[in-house]
Amino acid sequence: MSAWDSSALGFFTENIPSWQAIAVGGPLGLAWSLVCLWGAGRLKARGVRTGYTRKLFHFLIFGTVAALEWRLGTRAVCLFGGMCSLVVFFAVWRGSGNALYEALAREKDEPHRTYFILVPYFTTLAGGLASNMLFGPIAIAGYLVTGLGDAIGEPVGARFGRHLYRVPSLRSVPATRSVEGSAAVFLMCVVALLLAAAVSPDIAIAWRGALKVLLIAAASTLVEAVSPHGWDNATMQIVPAGLVWVWLA
């Protein structure tokens with residue numbers, strides 16, 4: 001068994017929730033995930049754009065994950081991630097026309113709307129696992145950068161975006177982002193990194209660290225700008241967490 005295989009096995013073994021935690025936290029996590037997606041679905045039914053409802057769910061879920069990592073640790077994050085997965089898969093199973101599905105499925109992603117629900121889900125999962133295995137508690141920086149920085153780009157772009165640019169897409173679906181949205185991503189990445197430092201004893205920002213924060217935020221913004229459509233949930237967790245681990249841990 002390689003060192004990586006051993007490390008990965010150790011990570012999963014150490015973070016299996018107890019039966020008591022599953023009995024209490026499982027239903028709570030499932031209910032909260034469903035409430036978040038149901039609320040987004042209600043807004044969509046009232047005419048709110050999918051760009052807003054999708055990112056509202058994104059923000060609430062990543063915010064919950066960051067709070068759980070901060071207060072309860074990685075086991076709680078893994079349990080909540082499992083419960084949230086059930087809700088996402090339920091929405092996909094219900095399909096087009098269902099409020100839960102429509103809150104996540106962009107019209108502009110036709111005819112691959114389901115694909116662009118599932119790909120961000122799996123990249124979120126992969127990014128979170130990789131960040132935790134590689135950087136431990138520093139992964140909270142990636143949660144917050146993705147939860148705040150990535151969440152703000154699409155709504156700002158939808159509302160104020162005037163200067164558009166193309167990004168790679170693996171399913172022949174035209175994908176664009178905007179300079180205005182990327183500027184908002186940068187600002188929120190700075191906020192996210194400062195928040196991560198405020199809540200995590202593993203991250204320290206001295207006065208000289210301010211420049212590093214700006215550089216990490218800029219790198220995260222660039223990663224978000226060039227990541228293939230649907231894949232930025234992985235890259236925006238791993239890259240900032242890695243840079244924080246190198247520069248600010």
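Does Phe59 satisfy being under 23 Å from Leu118 (Cβ atoms), hydrophobic (A, V, I, L, M, F, W, C) and at pLDDT below 95? Answer is no for this residue. Looking across the range 229-249, the residues that are crowded, with 20+ Cβ neighbours inside 10 Å, part of a helix (DSSP H, G or I) and either without any contact (Cβ under 8 Å) to a residue 12 or more places away in the chain or of a type in the set (A, V, I, L, M) (or both) come down to Ala234, Met236, Ile238, Val239, Ala241, Leu243, Val244. Among residues of the range 204-228 being touching a residue at least 40 places away in the same chain (Cβ under 8 Å) and surrounded by fewer than 22 Cβ atoms within 10 Å (Cβ to Cβ), the one that is nearest to Asn132 (Cα to Cα) is Ala204. Return yes when Asp232 is under 13 Å from the mean Cα position of the chain (by Cα) and at pLDDT below 90 and no when it is not. When the stated conditions are applied, Asp232 does not pass them. For the range 35-55, taking the residues that are within 18 Å of the chain's Cα centre (by Cα) and touching a residue at least 60 places away in the same chain (Cβ under 8 Å), the one that is surrounded by the most Cβ atoms within 10 Å (Cβ to Cβ) is identified as Ala40.
Restricting the first member to the range 183-202 and to residues that are at negative phi, and the second to residues that are outside any helix (DSSP H, G or I) and among the β-branched types (Val, Ile, Thr), the beta-carbon pairs closer than 6 Å and six or more apart or on different chains are Ala196/Ile203; Ala197/Ile203; Ala197/Ile205.
Where in the range 1-109 are there helices (runs of 4 or more DSSP H), lying wholly inside it, with at least 2 residues that are of a type outside the set (Asp, Glu) and under 29 Å from Gly181 (Cβ atoms)?
Details: elements: 3-14, 19-45, 50-71, 74-94, 99-102.
Of the helices (runs of 4 or more DSSP H) lying wholly inside the range 1-109, those with at least 2 residues that are of a type outside the set (Asp, Glu) and under 29 Å from Gly181 (Cβ atoms) span 19-45, 50-71, 74-94, 99-102.
Condition check ((1) free of Cβ contacts under 8 Å to residues at least 12 places away in the same chain; (2) surrounded by 23 or more Cβ atoms within 10 Å (Cβ to Cβ); (3) within 30 Å of Arg71 (Cα to Cα); (4) of a type in the set (Ser, Thr, Tyr)) across all residues:
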residue	(1), (2), (3), (4)
Ile117	no, no, yes, no
Thr123	no, no, yes, yes
Leu134	no, no, yes, no
Ala139	no, yes, yes, no
Leu144	no, yes, yes, no
Gly157	no, yes, no, no
Phe160	no, no, no, no
Pro168	no, no, no, no
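Here the range 153-185 is the region considered, the condition is being over 28 Å from Leu118 (Cβ atoms) and out of contact with any Asp or Glu (no Cβ under 9 Å at 6 or more places or on another chain), and the residue that is modelled with the lowest pLDDT is Val179.
The values are calculated or read from the model by the stated rules, or taken from the named source; none is laboratory data. Bear in mind the structure is a predicted one, so any value in this text is a computation, not a measurement. Here the Cβ is made from the backbone with ideal geometry for all residues, glycine too, and neighbour counts use every protein chain on show.
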